[in-house]
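Taken together, the values in this text are just the output of simple stated rules run on the coordinates, not laboratory data. The model shown is predicted, which means the values in this text are computed figures rather than measured ones. Every residue, glycine as well, gets a Cβ built from its backbone with ideal geometry; the counts of neighbours run over all protein chains shown.
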Amino acid sequence: MWVCDGWTGATTWVWTGHNNMAETDRTFFEYLVYVSENHSPLDFMLIADHIDKFFYGALLTIEITVLALLIGGLMAIPLAIARAYRHRWLNAPIFGFTYFFRGTPLLVQTYLVYYGLAQFDFVRESFLWDPILSSPWWCALITFSLNTAGYTTEFLRGAIENTAKGEIEAARACGMSPTRVMRRIILPSAFRRALPAYSNEVIFMLHSSVVLSTITLQDILGVGRWLNGRYYLAYEGFITAMLFYMVLVFLISKAFRLWENRWLKHLKSHNPAAPVPERA
């Protein structure tokens, strides 16, 4: 409880020995201060004072991840179609593109774009240097988009190739052109089958966003490293960043689970197990 000194008028906190918060006059904020200062190895008050920076880092992480997934997804659709139909002139270059971005770490790709391109004079003198290639935000977006395009192309190609031949033959028998068959039959079916794999790609891109802190961008992990470095901490920044990532992954998983239940319902078995007969 709070005790007022009659001589000086100062108030001091006195622990009365009660373990139940209802038996004391402390608010939750006061209780958090007391636990943080006396009974916890973590400084919760320091985290609370800088929680706005973590929300800013989460906003930056979500922004680049979502934009990269949108751009990469749009790039992957024509690339996957060309790969699935083994286009004579496009199959080899697209395979090389996907092999490079799937076979090298995202950190190396980011360094090549952000640090590597700056080594060439013609790049620094081009019209793309000042607004785009000199900005770490744009370099990260370009690298992330190309990386996710490589992965999305391959599993979307597999989904296109696994389309039932009967569906395609039925569409052709109805007089549909090849373009309409692709737009009305093959792609919608492939998107649905690729949905579980794409959920893993979204989570992978979210985890890979930790690369942003290596090129001066303050993402979630970057804020955690800044907090630990400024106040000489060991756990607070990283634990807070971990909790933010866990919440985001939970929301992504929940959203994709709802979409899978809606769009993949027709792939589930509709034959329930036969009931066990009762004993006579």
Item to complete: Based on the mean of other Cβ atoms within 10 Å per residue, sort peptides 47-53, 220-226 so the most packed one is first.
Response: 220-226, 47-53
Worksheet item: Looking at the square roots a ≥ b ≥ c of the eigenvalues of the Cα gyration tensor of segment 53-202, which shape do they give, rounded for a/c under 1.5, prolate if a/b is larger than b/c, or oblate?
Response: prolate
Worksheet item: All other residues with a Cβ under 12 Å from the Cβ of residue 57 taken together, and with Lys, Arg as +1 and Asp, Glu as -1, what is their net charge?
Response: -1
Practice prompt. Under 1.5 on a/c is rounded, so check that first for segment 38-112, then, if it is not, pick prolate when a/b is larger than b/c and oblate when it is not; a ≥ b ≥ c are the square roots of the alpha carbon gyration tensor eigenvalues.
Written response: prolate
Worksheet item: Based on the Cβ-Cβ distance of residue 246 and residue 173, what FRET efficiency does E = 1/(1 + (r/R0)^6) give at R0 = 35 Å, to the nearest 0.05?
Response: 0.10
Discussion item. Order 148-160, 182-194 from most to least packed using the mean count of other Cβ atoms within 10 Å.
Written reply: 148-160, 182-194
Worksheet item: If the label point is 7 Å along Cα→Cβ of residue 127, which residues in segment 50-76 have backbone nitrogen under 20 Å from it?
Response: none
Practice prompt. Would you please put 96-104, 119-127 in order of how densely packed they are, using the mean number of other Cβ atoms within 10 angstrom per residue and starting with the highest?
Written response: 96-104, 119-127
Worksheet, complete the sentence: With bins of 5 Å, the percent of all Cα-Cα pairs of segment 75-161 per bin from 0 is 3, 15, 21, 18, 15, 14, 10, 4, 1
Worksheet item: What's the exposure ranking of 70, 217, going from fewest to most Cβ atoms within 10 Å?
Response: 70, 217
